[in-house]
Each structure stands twice: as C-alpha cells, then as structure tokens.
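To start, the structure itself, in structure tokens.
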Amino acid sequence: MQMPFCSMLWDRSPAPPEDAITINGTVVVAKNFGLSAPGKSTTLRLFSGTQIDHGTRKGKLSTEAVLRGGKKSKHGKTSTVTYHVTFVVEAEFGTPGAVAVKNGNRADQFFLRHVRLELAHDRSIHFECNSWVYPYKKTNSDRLFFINTSYLPSKTPEALLLLRDEELRSLRGNGRGERKDWERIYDYDYYNDLGNPDNPDHVRPVMGGTRMHPYPRRCRTGRALSKTDEVTETRKHVINLDFYIPPDERFSPGKLAEVLTLGVQAVTHFVVPEMKTMIQGNNFKSIELLTRDLYTKPSQPPAADGEVMEQLKTSVPSKKTYKQVAKNVKDTPVKFPIPQVIQHDLEAWRSDEEFAREMLAGLNPVAIKRLQKFPPVSSGGKKSSITAQHVESQFADVTIEMAMRQNRLYILDHHDYLMPYLRRINTLGVCIYASRTLLFLKSDGTLKPVVIELSLPATDGGDGEISRIFLPASHGTDAHLWQLAKAHVSVNDSGYHQLISHWLFTHAAVEPFVIATKRQLSAMHPIHKLLEPHFKDTMQINTLARSILLNAGGILERTMYPGRYALEMSSAIYGDWRFTEQSLPNDLVRRGMASRDPAMPGGLSLHIEDYPYAVDGLDVWRAIDGWVRSYCEHFYHHDTDVEEDTELQAWWDDVRSVGHGDRQGDPACWLALDSVDNLAETLSTLVWIASALHAAVNFGQYGYAGFPPNRPTRCRRFVPLPGSPEMTQLEADPDKFFLEMMPDRFTATLGLALIEVLSNHTSDEVYLGQRATSTWTDDGELLRLLDRFREELRRVEKRVTERNKDPRLNNRRGPVKVPYTLLFPDVAGTEKGLTGRGIPNSVSI
C-alpha cells in the first residue's frame, strides 16, 4: 500500500482566524471522456511557502476551500472546465508555496491542469499541475502541487522542505505489493513480462539483472517478482490497456483515442491483404501487383473493422473513448498510403547509389562506420574473406592504403553480433546471413558499394565460417546475385534498426531516466523541470510495446528476422552500450565518421561532408547543448553546487546503479557528475536521445520501409549457389525469385501496419523548443533562454531547407528524390500524420 506523503493530520474545518484574509483563484480541469467532473466534495488547501507551523514543521495551512461554478473553457486544443475558489488564511500566512487537492468523488479521477491564485498588488501565483487526482477514498491522501518556482534542495524555503521530502519518499514506494491504478509509485523491474511459461513456445529469458542478459530496467507494473520469474502480468486483450503505469505517465484521453484509432486502422490494413492471401496465395506475384495490392483503396471497407472494434470495447477505459475511436476509424480511408521512396520513381530504390545513400540519410543513418582496418577483423580475431583485389577492382588508380588514408572507405558491419545467433535464427524458417558491406566515397560526395560479404556458421558445428563475396554488376546473372546480396544486407540493417537503433538505444535506454527523475528529483527541482517534457508518454508507449510488439509471439517476433531471439540479441549489444558515446559528436567520432578539429564549428570535422543526418544533427545538437548549458549555468554557478546537490547526486546514482545497473561496472560508460560542464554534457545527451535521435530513426520508417522490397525484414531463401536448381530459377525469372525470397504477403503487411503507426505524428505532439504551456516556470530569464533556443532551431530549419535545395548535395535527395527532413525541428508544431519531419520532445510513439 502506498504511504501517503501528506496524511491529513490537521483539522479539516477549523474556524477562520479573526484576522483572516481571502485569496481568490481559478482551478482548471480537463474535460475527460466518461469521467465525472470534480464536485463540491472536492476541496483545496494552501500551504504557506514562507511561514512555518512549528507543530507540523511544514508551511502554515489554510482552511478548506470548495470549488464554485464550473464553466466550459478552452486551453490550447484541450476542452476544459474552469472553477473558482476562495481560500481563507490568517494575515501572517505569507506567500503560498503548495496546494493540496482532495478529490471527493466516489469513484472517478479528474485531470487537473493548473491552479492560479490572485494576490494583492496585481501579483499572481501559478501551480502547473497536469496530473490525475484520484478519489481520497482510494488514495487516503491529498494530492500536493508546488508553485512553478524552481529550487535546488539547498535553496528550498524551510516551509516546503518536509513536504518536498515526503513527496519523494511517497513516489519511491516500498517495493512491495501489487500496484493499484491510483498509486503514483516509480520502481524498477526487469523485463520479466515478455514470456508465458504456460506455453512452451513462448518461454523467454528475463532481460536484465544478470551477466548473461544485461538490460535497462523498466518501470514495475505489477507485483514485485524475483529475477527468475518469467511473467509479471497476464495479458487479457489483443489491444491491451489492462496494465498499471503511474497515472501521470498515461496518455491523455485525446491521445489515447488517436493511438487506438491508428491501431485499429493498422489491424484493418493488415486484414485486407490477409484476405487477399487466402484468395491469391501468400506470395506477391510481381512488383507491380505488390504496389497495387498494398496501396489501392478497396472497393468496400473490410468486415474486419467490426470484429476489431468489438474486441476493443473490452479494453478501452470509457464508452466515450470507444465512440471517438469508432468515429475516427469510420472517417479514415482503409488503405496504405504510397511511401515516399516510390512516389517519384518505382525503380530508383534498386540503384546502388540509393542503397548506399540510405546509410547516410535513410531511417538508420547511425550504423555506418569508417573502415579503419583492412581486411575487416571480427572481435574474435578472424579476418574477413574480402581481399584487396575485390575492392581495388571497383575503382581506378586508388589503392586500399590510399583510400583509407584519404578517409574514403566505409563499412556497414552486421557481422560480429549476428554470428553467435545465426544457427538458432535459421532454425525458425528464415534464411539469414551475417554481412559486411564496404563502400567507397566518390569525388561527388556519394558512396559506391564495392563489395558485400555474406557469412554463415560452418556446417560442422565449429566456430568456422562459410563466406561468399558479391561484387557490383549491372547485367546478367551477376547483377541478379548482387541485387539479392543487397537485399540480405537490408534485412540485417532492418533488424538492427528496429531492435537496436530504435527500441534499445532510445525507448529502453530512456525509461530508467524517467523513473529515476520521478524518484529522486522533486517537481521543484530545476533539472526535473528541464527534463519533464522529454519524458512525455514514454513509459506508456514502452508498456504498450512490451504488450503487443516485444512479447513472445508479438508483432516484432513475427515480422523481424531474429524472431524469438530478438530481445536476447539486443541484450548482447546492450552489454557494450555506453551513455558517454550517445551524444552525437561522440558517436560520430566513435564510428570514425568525424575527427576532433578545434578549427571547425563545434570542434568536429566530418569525413563525409554530405552526410545529411550528421550535418543537420550537429546543428540540432549545438542548439540543444546551448540551451541546456545556459539552463544549468543559471542554477549552478560553481562545480561544487553540482557536487553538493543531494537530489541530483541521488538521481545519478539511481540511474547508474539501478536503472542502468548492468552497465555500472564500466567506468567509461558514465561521466562523473562533479562539474557544471559534465552535468550539461549528460543532460544534453539525454535530451538528444529522447528528441532528435528518436526522430531520426523513427519517423522515416514508413517513408523508406513502407515499400517492403526496399527494406525487407526477413528472407526466406539464401542466395543461390552456382549450378543449383535455385540458380536456374533465378536466371529464369529474377523478380519472381526476389519476391519469393523477401517476406511473404502476410508478414510484409503486418510489418507495414506496425511502421505506419510508429511513423505518425499525433495531434498533441509537443516539439523541440516548445512547452505544453507558457506557465511551466515563473522565471523570466529561463523563458528568455527558451526563446533563444527556439530562434536557434528556426535558423536550423532554414539551413535544412537550403541544403535540400542545393543540387550539389546529392545525398540530400538521391535517386528516389526524397529530401532529408527527419531532423527539421518544426518549432511551429504544424506536422501531423506521416510527414517524415519534425522533432518531438520525447520518445512518445
């Protein structure tokens, strides 16, 4: 049971003091689907922020005040109800510092947006709440909100110190018991909720807490379990909403309806091709028919809509939410939109230039590295079978040594992490290689793929490898083999992108920071206020992912080539993850894509000047870093201020020793939080991951992978061997063989349904440089610094637009003519739907 931080030990209705004065205010509550509004039984009390009650050691307390009126209003796009309230306080009450809200409803919670008080001399005080308030009968405690002034722990007014401490202790809980919907408890757990021990095919190892399977922690959503337990919650529904997450981490009712609509549409989009599978077979017959099947609107809406909606009825929290979803589904056409990669040219995706360009400006531009040793050598010391002759035959008058010295050789390496899993993965009905792709930087700034190595484990069960080499060709059988080799590389890259670049390095990596922030940093702490918008909806979307995508038999296991070994493989990669390498400058240097150069802007020199992700990204990084550093310097004037901040140090310890506890043994993984500079670097990295990095690897998914042949997620056939019957089939009909090698209709359309949802910007998106409200702080200097950040982001937007118009920058558009806009900030916040542009503040979908 949650310990109430603010148990009502005081008399709730004392007589007003003789020298009483009144404070008037307004209370704004969001109008929510299917929930009762707060009535007269809901009351508020004020705590003084300046005058102490020596009996309680907290601020003096006002008498209870009831809500009056209840007028419909609008705050931004949100429908609200505005109430009036009058507090009676003694003349020496001082300035209010906190408000305690008691929800007197019998059953329903309400979403409190803010409380505003009008004081004498035209002064006002604002309490930014944006939180669910549950009935007192359930919580047995009032809900406390502090004023929007930021205080370091050492600067906290004495009247608020105990309240600050009690609130944090309440949020940490005691680690026991089963969670109730109304509890606000942030605790850590392992990934022990993905399998089902009652089904032998769905048993999965627990991720996290062991040397064999290290992993970031998630928020505990059920009862406390040991690390050996396989399952935490029972999943009751196909679209499952029956799980606990702390109330303040849940989607708003409007976003919930929107996400559910996208989910229903995705299922429906999947059902239409599934019906065609039953009629026409499970293979696409040609590229032309694939395009027609996937992107043509059906003559009649599928009957599956009704079936899906019936299942949804038992999952949604209210009838009004269900009705909103039903209306949204009815108003939206049932078809996949044509993805950007084939909008201008149905064949351009096949080109070598586009294949290479997407490593710099596609949906996974974070994996390519500069080749620093030839031939490539695996972590176990084995040399690649690629020779100098293979490479040098692809360019004239340049040797391997010259190309490497001139920083012109690059590699997309999907070899070492895959080899230990290939034998097991290839028992799952797929045909997967480990791959290495070498690329040469041409004089026009584009990359040319020069050789692909595809490897399998030796057939004798030992640690040897069987490798094949493929070289570019434009005619005959060699051209067909080259196209198949590129497809196998794309399969490797698709799996790495979805499981590692996207899920592990953004979603999973950020969640421990969300938990630690709520556990250790008071809502009054300036770093809490800085980070809060970058955590919006992350915990809810991650919980949904574990329920639908990552779980045993879930969508990722059914669509991505690692299948049941997906999380296990991502755990092995997490074993080498370092937070210090996640900032964009450090990542580029680590991958050899840039070198330190004090003479260059930002101190970096890119080895590929036309690297859209890096060029735009560095502009965004510098804007983020400037904002974060100025913010930190506003509160921390000396390095000792950072070292002596007890909440900040507890937060950093929580992150390193618990949230990312499996990586605490690597001293290079973390910076010491002992200076303003290290604090700014740490926070800038975190903001970068949650906003720009996630945008770069998420919102381009449909644009590029929405056409399955361009980004297949698994292969059903190996590349044919010379003289084999498969080679005869390839030579007879290359396109038919290619389509039979890539995912079948069922798998491809299920994957499409997923990435269509993931690539959407929802209507309540809050973009980098924006805040949900202008009243998040009462500090005018911080508001000025935020304005400066926004202006810098607008300058970034102009530079991105100008670069995309520059005909000399071939990698900005490429053969498919898709401009690189994934790191276009969109400070105006106008982007909705499948736009392929805009940087939201948080990992929210």
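So how compact is segment 528-614: Cα radius of gyration and Dmax in angstrom?
Both quantities, over Cα of segment 528-614: 18.2, 52 Å.
Tally up the carbon and sulfur contribution to the accessible surface of the chain as a whole percent, 1.4 Å probe, everything protein left in place.
Carbon and sulfur together cover 51 percent of it.
If you line up the Cα atoms of segment 553-603 on their principal axes, what length do they span on each, largest first, in Å?
Sorted largest first, the three principal extents are 52, 20, 14 Å.
For segment 698-844, with equal point scatterers placed on the C-alpha atoms only and solvent neglected, what are the log10 I(q)/I(0) values from the Debye formula at q = 0.11, 0.14, 0.20 1/Å, to two decimals?
Relative scattering, expressed as log10 I(q)/I(0), comes to -0.62, -0.83, -1.18.
Once amide H atoms are built 1.01 Å from N in the peptide plane, which residues 5 or more positions from Gln51, or in another chain, come under 5 Å H to H?
Hits under the 5 Å cutoff: Lys60, Thr95.
Pairs of Cα atoms under 8 Å, at least six residues apart: use those to get the relative contact order of the chain, whole percent.
Relative contact order of the chain: 14 percent.
Remind me, relative contact order of segment 563-685 in percent, using alpha carbon pairs under 8 angstrom and six or more residues apart?
31 percent
Considering only Ala695, Leu750, Pro720, whose Cα is most displaced toward the positive end of the charge dipole of segment 688-765, charges sitting on Cβ of Lys, Arg (+1) and Asp, Glu (-1)?
Of the listed residues, the answer is Pro720.
Here are labelled values, [x] 46.1; [y] 40.7; [z] 36.5, and one is the computed mean projected area of the Cα convex hull in nm² for what I pasted. Which one?
Matching the structure shown: [z].
Name the residue from Thr427, Phe284, Leu61 whose Cα lies farthest towards the positive end of the charge dipole of the chain, charges +1 on Cβ of Lys and Arg and -1 on Cβ of Asp and Glu.
Positive-most Cα among the choices belongs to Phe284.
Determine the dipole magnitude for the chain: charges of +1 sit on the beta-carbon of Lys and Arg, -1 on that of Asp and Glu, nothing else is charged, the reference point is the Cα centre, and the result goes in debye to the nearest 20.
Computed about the Cα centre, the dipole is about 2040 debye.
Lys and Arg at +1, Asp and Glu at -1: add these up for the other residues within a Cβ distance under 14 Å of Leu454 and post the number.
Result for the neighbourhood of Leu454: 0.
For segment 355-370, in order, what is each residue's ³J(HN,Hα) by Karplus, 6.51 cos²θ - 1.76 cosθ + 1.60 with θ = phi - 60°, in whole Hz (x at glycine and Pro)?
Ordered by residue, 3J(HN,Hα) equals 3, 6, 4, 5, 6, 10, 9, x, 8, 9, x, 10, 10, 5, 10, 7 Hz.
Hey, could you get me the Stokes-Einstein D for segment 381-531, Kirkwood radius over alpha-carbon pairs, 25 °C and 0.890 mPa s, rounded to whole µm² s⁻¹?
133 µm²/s
Place +1 on the Cβ of every Lys and Arg and -1 on the Cβ of every Asp and Glu in the chain, take the dipole about the Cα centre, and give the residue among Ala107, Met402, Phe707 whose Cα lies farthest towards its positive end.
Ala107
Summing -39500 (n - 2.57) over the DSSP H runs of n ≥ 4 in the chain and dividing by its residue number, what mean residue ellipticity at 222 nm do you reach, to the nearest 500 deg cm²/dmol?
Value at 222 nm, helices only, nearest 500: -10500 deg cm²/dmol.
Hey, can you grab everything whose amide H is under 5 Å from the amide H of Val827? Only 5+ residues off in sequence or another chain; H modelled, so Pro and N-termini drop out.
Here the answer is none, since no amide H 5 or more places off falls under 5 Å of that of Val827.
What does the net charge come to around Ser474 if you take all other residues with beta carbon closer than 15 Å to its beta carbon, with K and R at +1 and D and E at -1?
Counting the neighbours of Ser474, the net charge comes to -2.
Could you grab the Rg to Rh ratio for segment 611-741? Cα atoms only, Kirkwood for Rh.
Taking Rh as the inverse mean 1/r over Cα pairs, Rg/Rh reads 1.27.
Any idea what diffusion coefficient segment 361-426 gets from Stokes-Einstein, in µm²/s, Kirkwood Rh on alpha carbon pairs, 10 °C, 1.306 mPa s?
Details: Rh = 13.8 Å.
Diffusion coefficient, whole number: 115 µm²/s.
Compute the signed sum of charges (Lys and Arg +1, Asp and Glu -1) over the other residues within less than 15 Å, Cβ to Cβ, of Tyr702.
My count for the surroundings of Tyr702 gives +1.
Quick one: accessible surface of Ile548, probe radius 1.4 Å, all protein chains present, in square angstrom to the nearest 10.
Near enough 50 Å² of accessible area.
Based only on the alpha carbon positions, what is the Kirkwood hydrodynamic radius of segment 772-845, in angstrom?
This gives a value of 14.3 Å.
Can you work out the base-10 log of I(q)/I(0) for segment 571-659 at q = 0.19, 0.20 1/Å, using the Debye formula on its C-alpha atoms alone?
-1.04, -1.07
Counting only heavy atoms of the protein chains, get the accessible area per residue of the chain (1.4 Å probe) and round it to a whole Å² value.
39 Å²
For a quick protection proxy, order the peptides 582-593, 770-781 by their average other-Cβ count within 10 Å, most packed first.
Going from most to least packed, we get 582-593, 770-781.
Just tell me which aspartates and glutamates come within less than 13 Å, Cα to Cα, of Lys448; anything on the same chain fewer than 8 places away is out.
Asp352, Glu353, Glu354, Glu358, Glu392
Along each principal axis of its Cα atoms, how long is segment 113-156 end to end? Whole angstroms, biggest number first, please.
The Cα atoms of segment 113-156 stretch 39, 28, 16 Å along their principal axes.
Determine, for each peptide in 399-405, 697-703, 652-658, the mean count of other beta carbons within 10 angstrom over its residues, then list the peptides with the highest first.
Peptide ranking by packing, descending: 697-703, 652-658, 399-405.
Aspartates and glutamates near Lys335 by alpha-carbon distance under 12 Å, same-chain residues fewer than 8 away left out - which ones?
Straight-line reach from Lys335, under 12 Å: Asp293, Glu756.
Using alpha-carbon pairs under 8 Å, 6+ residues apart, how would you state the relative contact order of segment 740-845 in percent? Provide the component values of the computation, followed by the final result.
Details: 96 pairs, mean separation 39.3, N = 106.
Value for segment 740-845: 37 percent.
Packing-wise, with mean Cβ within 10 Å as the measure, how do 54-64, 70-80 rank, highest first? Could the numbers behind the result be given before it?
Working: 54-64: 17.6, 70-80: 12.9.
Going from most to least packed, we get 54-64, 70-80.
The values are calculated or read from the model by the stated rules, or taken from the named source; none is laboratory data. As the structure is a prediction and not an experimental result, all values here were calculated from the model. Every residue, glycine among them, receives a Cβ derived from its backbone with ideal geometry; neighbour counts consider all protein chains shown. Just so you know, the surface numbers come from the protein's heavy atoms only, side chains and all, with ligands and any DNA or RNA stripped out. Shrake-Rupley method; radii C 1.70, N 1.55, O 1.52, S 1.80 Å.
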